[in-house]
Amino acid sequence: MPLSHRHTASFPPQRSTLALHLALTASLFVAGGAHGQQAGGTVDNPQTLAPIVVTSGAQAATEGSTSYTSSASTAATGLNLSLRDTPQSVSLITRERLDDQALRSVFDVVNSAPGVSAKEIDSVRSYFSSRGFKIDKLQIDGVPMAGSDAGEANADTAIYDRVEIVRGATGLMNGTGSPSASINLIRKHADSKVFTGSASLGLGSWQRRDGVIDLSAPLNREASVRGRVVVSAEERDSFIRLERGGKALVYAVVDADLGAATRLSVGASEQRDRHRGNQWSGLPLFYADGGQPRWDRSATTAAEWNRWDTQQRSIFATLEQRLANGWKWQASATRRSNTGDQYLNWISGSMDRNTGLGLEALVIGYGVDEHQTDVGLTAVGPFTLLGRQHELAVGLLHGEHTMRWLSSNASFTPPIGDFRAWTGAYPQPAWSPQQVGSDTRTTQTSAYGVTRLQLTQMLKLIAGARLTNWQRDGMPSLWTEVAYTQRQRGVVTPYAGLVWDLGPQASLYASYTDIFDPQDYRDRRGSYLPPLKGRSGEAGIKGELLDGKVNAALAVFHVKQDNFAIADGSTFVPNTREQAYVTINGATTQGYEMEVSGDLAPGWNASISWTQFSTEDASGMAINTVHPRKLFKLYTKYRLPGAWRQLAIGGGVNWEGRSYTSVANPATGKPVEAGQNAYAVASLLARYDISRQLSLQVNVNNLFDKRYYANQLDVFNNITFGAPRNVLATLKYAF
């Protein structure tokens, strides 16, 4: 069921075949300037896609760079700044690292990225957090995606060049948002002026089979019009009994140079996911006597007929023009449609350890239909003032998001009986006609401006603000009996940052921004909580080492918030199974982060990070403890020299500290702490280049077969387990 019936809503989905047809048959289009310029592939190096050409201060595609870092990012401020000149914590997961770790989904990426945590809810949904706060939205090419119940966490990474993660409050670029992080997925583009591509086949544990085809080619003699198609498919079983699934993805983009200074890009994508026999919420946390079961990791509460299908569609267009005075303007439009269809049983209660009795089934069907339209116009460029050159970026954006939840009740729910004998052979009920559970429309219009002023040769000031009008309208429905409107007008979100150059390789920085985040949580009366408000500050030192091949950073941060949401005991929102919340004022988070990433030596890539923080209420009591307070992440790869240069080996470890929540013991009714103690999960990589075009890669995950809880326990107070040790072998041919 929806965790909160707020996420965003949607018009009926448009036909994906039309979107793909438009992308495949368009005759004019070029890669957006945010991706930089990429030279065509060469015959001398056919095993890589088009090599990139990086100019100073330019943001370039990472595909083909073999690097674990990038030169610049626009994600934090809208200005195209090097990571050292950005007064906020920024991390990048490049295409090389996506391939090395076989990070095939957004969940995989977040789970491996510095300073962020990924926790499952079930087979489809996940919670992402940073610095102790939930990450509200993912972004695609800088456009926030609303919603999280239609498979967004399972989005296939085959179509992305890199992932940019900005930690801390990002209201300047997003308009709304908590002081956690923004996760920006940057699409691949058709940059190659010669025919090039790759094909791969993978085989793995639990009958996993997958394949990816990625082809780029010029569409005219001059190669001023280029096209790219990515097709990906996967079928797999699971370590969890009954569970199996698959997904299929098609992405197409056409890029064109309309002139020496004008570029246009149009594309579309569609991903379909299928889940069968999947769990909803997980396994009971307690026996009826208050003890905790030691479940087998393959145990399930699912019925054989459980299913959850999702579909994600997107079509986009970007027009960019560079002007003679160094300025650049860009117009963009995106239309996204996500749907979900689920029929599930949720087993809840506490089981008697001697009889297996005491559990009951909640059987229900849901549908989600979400639609999002965003348009924007931005401009960025230099200007001269008092004899120095500075930069300015401005933007005007409008977005509309609609979401409709549909609900269908079951005709009957027979007793579960002895759960120790559960096989999933639970009779599927007849389903009632679907009713509208929730119907909302959210609109946001905003304008922003930000400038970087070169105050002295060594000191730079970045200052800006965003003006936002936000409104959410709810229609009468099953879960909301009367219409309502929430409105925030003229909200100003300021941003300020200082960067002091210590020399050509290091700089000190500090930044400040306000927090404004309309919340999707509701109270025990069914009313939405007031917007989260507060202040976020960060300071640190950054280094750009080894001629820009390595980026290093140390940051400290402090966040104070009002209207902070915490669970209202075990109370539910009326007519739902949704947790109710209350607000507190004066919630404070403080901590520090360290990160080093890049290419430490020829053939040696690495990323290492540490995060530690605390979150307390106004009285000094720890809150939000469900998020791990400490994170350590390491991944490295080394290509052997000399006669062994065809072999690359690598590996990593993800360690996180204890996380816990307070739940009621079923035997005593008193609150007790339940959670996951500190644990580490290790991985290995080996890749052998059979020839210049053909390679074989083997990834081993959870090398030491660590048993741990993978979910966020406070969502349903149930548990799911992380995957046991598993192996994936991938054969790839590149040309």
query = Taking amide H positions as placed 1.01 Å from N in the peptide plane, with prolines and chain starts having none, which residues 5 or more places from ILE140, or on another chain, fall under 5 Å of its amide H?
reply = MET145, LEU185
ask   = Whose amide H sits under 5 Å from the amide H of LEU703, counting only residues 5 or more places off or on another chain, with H placed in the peptide plane?
value = ALA682, SER683
request  = Please label the shape of region 407-478 as rounded, prolate or oblate, based on the square roots a ≥ b ≥ c of the eigenvalues of the alpha-carbon gyration tensor (a/c under 1.5 means rounded; beyond that, a/b larger than b/c means prolate, else oblate).
outcome  = oblate
Karplus-derived HN-Hα couplings along region 709-723 (A = 6.51, B = -1.76, C = 1.60, θ = phi - 60°), whole Hz, x at Gly and Pro = 7, 9, 9, 8, 5, 7, 6, 10, 6, 10, 10, 10, 9, x, 5
remark   = Rounded to two decimals, the Debye log10 I(q)/I(0) of region 640-735 (Cα scatterers, no solvent) at q = 0.10, 0.11, 0.14, 0.25 Å⁻¹ is -0.46, -0.52, -0.68, -1.22
task = Just need log10 I(q)/I(0) for region 129-275 at q = 0.09, 0.12, 0.19 Å⁻¹, Debye formula, equal scatterers on the alpha-carbon atoms, no solvent, rounded to two decimals.
result = -0.38, -0.66, -1.15
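Please work out the ratio of the alpha-carbon Rg of region 376-429 to 2.2 N^0.38 Å and round it to two decimals. Spell out each step's value before the answer.
Working: Rg = 30.2 Å, N = 54, 2.2 N^0.38 = 10.0 Å.
Its radius of gyration relative to the 2.2 N^0.38 Å reference: 3.01.
How high is the relative contact order of region 521-671, in percent, counting Cα pairs under 8 Å that sit 6 or more residues apart?
Numbers: 335 pairs, mean separation 24.9, N = 151.
This gives 16 percent for region 521-671.
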message = In whole Hz and in residue order, list the ³J(HN,Hα) couplings for region 60-69 that follow from phi through the Karplus curve 6.51 cos²θ - 1.76 cosθ + 1.60, θ = phi - 60°; x for Gly and Pro.
response = 10, 5, 9, 4, x, 7, 6, 10, 9, 9
ask   = Hey, how many Å between the Cα centroid of region 236-280 and the Cα centroid of region 556-594?
value = 33
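Would you mind calculating the relative contact order of region 147-196 from Cα pairs under 8 angstrom and at least 6 residues apart, reporting the percent as a whole number?
On the way: 49 pairs, mean separation 17.1, N = 50.
Computed value for region 147-196: 34 percent relative contact order.
Using packing as a proxy for protection, rank 564-570, 251-257 so that the peptide with the highest average count of other Cβ atoms within 10 Å comes first. Let's see the in-between values first.
Working: 564-570: 17.3, 251-257: 24.6.
Ranking, from highest mean packing down: 251-257, 564-570.
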ask   = Can you list residues whose amide H is under 5 Å from GLN712's amide H, if they're 5+ apart or on another chain and H is modeled 1.01 Å from N?
value = GLU120
task = Using a 1.4 Å probe and counting only protein heavy atoms, arrange LEU377, LEU242 so the residue with the most accessible area comes first.
result = LEU377, LEU242
Using alpha-carbon coordinates, inclination of helix 16-25 to the longest axis of the chain, degrees = 10
ask   = Sorted by average packing, counted as other Cβ atoms within 10 angstrom per residue and highest first, what order do 535-546, 454-465 take?
value = 535-546, 454-465
inquiry  = Using a Debye calculation, one point per C-alpha and no hydration shell, please list log10 I(q)/I(0) for region 528-686 at q = 0.12, 0.13, 0.17, 0.20 Å⁻¹ in order.
reply    = -0.75, -0.83, -1.10, -1.29
request  = Could you rank the peptides 167-173, 729-735 by their average count of other C-beta atoms within 10 Å per residue, with the highest value first?
outcome  = 167-173, 729-735
message = Residue by residue through region 632-644, what is 3J(HN,Hα) from phi via Karplus (6.51 cos²θ - 1.76 cosθ + 1.60, θ = phi - 60°)? Round to whole Hz and write x for glycine and proline.
response = 10, 9, 9, 8, 8, 9, 9, 8, 5, x, x, 5, 9
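Calculated from DSSP H runs of 4 or more alone, at -39500 (n - 2.57) each and per residue, what is the 222 nm mean residue ellipticity of the chain, nearest 500?
Values: 4 runs with 27 residues, N = 735.
Taken over the chain, the calculation gives -1000 deg cm²/dmol.
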message = Given axes a ≥ b ≥ c from the Cα gyration tensor, I'd like to know whether region 257-414 is rounded (a/c under 1.5), prolate (a/b larger than b/c) or oblate.
response = prolate
ask   = Where the centroid of each part is defined by its Cα atoms, how far is region 128-170 from region 605-668 in Å?
value = 18
Heavy atoms of MET621 accessible to a 1.4 Å probe, total area in Å² rounded to 10 = 120
request  = Evaluate the relative contact order of the chain (contact order divided by residue number), counting alpha-carbon pairs under 8 angstrom at least 6 apart; express in whole percent.
outcome  = 13
note = Counting Lys and Arg as +1 and Asp and Glu as -1 over every other residue whose Cβ sits under 9 Å from the Cβ of TYR127, the net charge comes to +2
Correct option for Kirkwood radius over Cα pairs in Å [calculated from the coordinates] among [x] 28.2; [y] 26.5; [z] 27.5 = [y]
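Based on the alpha-carbon gyration tensor of region 84-149 and its eigenvalue square roots a ≥ b ≥ c, which shape applies: rounded if a/c is under 1.5, prolate if not and a/b is larger than b/c, or oblate? Don't jump to the answer; show the numbers that get you there.
Details: a/c = 1.55, a/b = 1.17, b/c = 1.33.
Oblate.
The values are calculated or read from the model by the stated rules, or taken from the named source; none is laboratory data. Everything numeric here is computed off the predicted structure, so don't read it as measured data. Note that each Cβ is placed from the backbone with ideal geometry, even for glycine, and that neighbours are counted across all protein chains shown. Remember, those area values only see protein heavy atoms, side chains included, never the ligands or the DNA or RNA. Shrake-Rupley method; radii C 1.70, N 1.55, O 1.52, S 1.80 Å.
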